[in-house]
Amino acid sequence: MSNMSEDIWYAGSDTRPPMLDRTDFESWQQRIRLYCLGKDNGENIMKSITEGPFQMGTFIQTPAEDAKETEGALQLGPERARVFTYLSAEEKERYKADIRATNILLQGIPKDIYTLINHYTDAKDIWPMEDDSRRIADYQRMTGITIIR
């Protein structure tokens, strides 16, 4: 018979992501998916895990309008990286979801595995995908967890 703390550990919690049980990786993946989808902005969190981080991109800065001798001509300035301030509301939500996705995955793994993969900054790098056999092999080698497909 299990005690109350074991029941809570297996069921997870709304404030803490489900913890990885080394004997049942597939179940943990499914619980993490459901946990992420249940959060605010859950679709973007899952996009970050499966597709990778939001790419801010670049923009071409237009020069000042006071150049009268080139009036009417196409003027293109230098290409610059976009910054958070100039993102649309939807893009800002996606950017925030990237950070949240990484935090959820890192909080859901045991400390010994965390020390092996904490150098990853993107959720997609932490999450071994079904179609990426090389990454699954690396993950199994590093963590000692067997992923059956």
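Quick look at the numbers
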read-out: Region 18-47 residues that are at negative phi and among the charged types (D, E, K, R), paired with ones that are surrounded by 18 or more Cβ atoms within 10 Å (Cβ to Cβ) and outside any helix (DSSP H, G or I) (beta carbon under 8 Å, 6 or more apart); value: R22/I145; R31/P18
read-out: Of all residues making up region 10-68, the number that are part of a helix (DSSP H, G or I), modelled with pLDDT under 85 and open to solvent by less than 90 Å² (accessible area, probe 1.4 Å); value: 3
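The values are calculated or read from the model by the stated rules, or taken from the named source; none is laboratory data. Fair warning: this is a prediction, and the values are worked out from it, not measured in the lab. So basically every Cβ, Gly included, is an ideal-geometry build from the backbone, and we count neighbours across all protein chains shown. Each accessible area value is taken on the protein alone, full model and side chains, heavy atoms only, with ligands, DNA and RNA left out. Shrake-Rupley method; radii C 1.70, N 1.55, O 1.52, S 1.80 Å.
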